[in-house]
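Everything on this sheet refers to the single structure shown next.
Coordinate-derived values only; no laboratory data. Keep in mind that what you see is a predicted model, and the values were worked out from it rather than measured. Note that we place each Cβ from the backbone using ideal geometry, even for glycine, and neighbour counts take in every protein chain shown.
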Amino acid sequence: MTTVAEIAAEAFTDVDLELTDVIKACTVETIVQGAYNPATGLYAETPTSFTGRSIMDQASPIKDVFPEYVAGPGDTLFWLEGLSQSPKELDKLTIGGLDREIKQVGDVAGAGTFFSVVAR
């Protein structure tokens, strides 16, 4: 049985072969909270990053993908594929040297490696 993750990977690969410069490598950076330090009253934080592929979607209205989200003027819809973990709100998304902050995340069909995100 073919999975959503496999279909997404094949679609991204096919688009990349047919249309140059549409699929871009991406990096998501998140902060992982560690152990509590009673001396400082803070939790240890470790930045962690993971990579995948992305495509910017300027054709689909954000409200069609995230009906409850009120999009701002700098918000852009992206589709991310091949990530080893789920991105979260407030994670940093870097594509082509441009840093954005993730505002909304959707796991497409629960695939675990294919996500829709709004980033600003």
Practice prompt. With the condition kept exactly as written, say whether any residue in region 47-65 is outside any strand (DSSP E or B) and closer than 14 Å to Lys24 by Cα.
Written response: no
Response to the item:
Of the residues in region 66-91, those that are farther than 26 Å from Leu17 by Cα, more than 9 Å from the chain's Cα centre (by Cα) and surrounded by 14 or more Cβ atoms within 10 Å (Cβ to Cβ) come to Phe66, Tyr69, Ala71, Asp75
Worksheet item: List, please: which pairs have Cβ atoms under 8 Å, are six or more places apart or on different chains, and start with a residue in region 40-60 that is closer than 24 Å to Gly74 by Cβ and end with one that is aromatic (Phe, Trp, Tyr) and part of a strand (DSSP E or B)?
Response: Ser54/Phe78; Ser54/Trp79; Ile55/Phe78; Ile55/Trp79; Met56/Phe78; Asp57/Phe78; Asp57/Trp79
Response to the item:
Residues in region 94-115 that are charged (D, E, K, R), surrounded by 18 or more Cβ atoms within 10 Å (Cβ to Cβ) and over 15 Å from Cys26 (Cβ atoms) total 1
